[in-house]
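Novice: To start, I am sharing the structure in question, which I have written as structure tokens.
The values are calculated or read from the model by the stated rules, or taken from the named source; none is laboratory data. For clarity, every value in this text was computed on a predicted model and none was experimentally measured. Cβ placement follows ideal geometry from the backbone for every residue including glycine, while neighbour counts extend to all protein chains displayed. Just so you know, the surface numbers come from the protein's heavy atoms only, side chains and all, with ligands and any DNA or RNA stripped out. Shrake-Rupley method; radii C 1.70, N 1.55, O 1.52, S 1.80 Å.
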Amino acid sequence: MMMQFGIAAFPSKEVQDFANGWRIRHDPKYNAIPPHLTLRDKEELSKEQLKEAVAHLDTVTSTLSPFTIRFNRVSTFFPVSNVLYLALEDPLPVQQLQQAICSGPLAIPAPNYVYTPHVTIGQQMEPGELHDLYGNLRMSDVSLESVIDRIHLLHATDNGFWTAYQSFQFRS
């Protein structure tokens, strides 16, 4: 039996509260998953693939140390997609984390896009709404920090919600 899994890191409560203030009105997936940094998109895994993924994530996180990230602005993926998000001052540590995760049995043969770590605050918006909101928010002073010290292997429930299957704390 195949189940849908994804990998994410959850930012601090302060970052989640800030993001949820916007998500409740502008993100139809608000109830399905808390604000997060996607590290690997959802995919279906068999029981055997799941075992390999868990072993891989355990190995990867055994070599990692906690690090601090800072969100410093609101940005958008427009015109590729109608998404507003909290952007990182320095995305490199999260990009390196994502590269470590997406190796070995979780390697992505041909990625469809360049990985941009972010926390979504609005998606599936009408273009006018996106531009109005972005016009206001890009002038906002955003300064939010979060320590990333673990990642989560998430699975999709039958009703479309995402829940932690297993968490992996950084141990180096």
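Novice: So, in region 1-48, of the ones that are touching a strand residue (DSSP E or B) at 6+ places or on another chain (Cβ under 9 Å) and of a type in the set (S, T, N, Q), which residue ends up nearest to Ser146 (Cα to Cα)?
Specialist: Ranking the candidates gives Ser12 first.
Novice: What pairs come out if I take residues in region 8-23 that are touching a residue at least 24 places away in the same chain (Cβ under 8 Å) and pair them with residues that are in a helix (DSSP H, G or I) and of a type outside the set (Asp, Glu) whose C-beta lies under 9 Å away, six or more apart or interchain?
Specialist: Ala9/Val94; Ala9/Leu97; Phe10/Gln16; Pro11/Ala19; Trp22/Leu133; Trp22/Leu137
Novice: Within region 29-51, how many residues turn out to be touching a residue at least 12 places away in the same chain (Cβ under 8 Å) and either over 20 Å from Pro117 (Cα atoms) or in contact with a Pro (Cβ under 6 Å, 6 or more places away or on another chain) (or both)?
Specialist: 8
Novice: Report those strands (runs of 3 or more DSSP E) wholly inside region 45-159 carrying at least 2 residues which are modelled with pLDDT of 95 or more and within 20 Å of Arg25 (Cα to Cα).
Specialist: 67-76, 84-88, 118-122
Novice: In addition: Run down Glu48, Glu44, Glu89, Glu52 and say which single residue is open to solvent by 60 Å² or more (accessible area, probe 1.4 Å), touching a helix residue (DSSP H, G or I) at 6+ places or on another chain (Cβ under 7 Å) and over 19 Å from Gly122 (Cα atoms).
Specialist: Glu52
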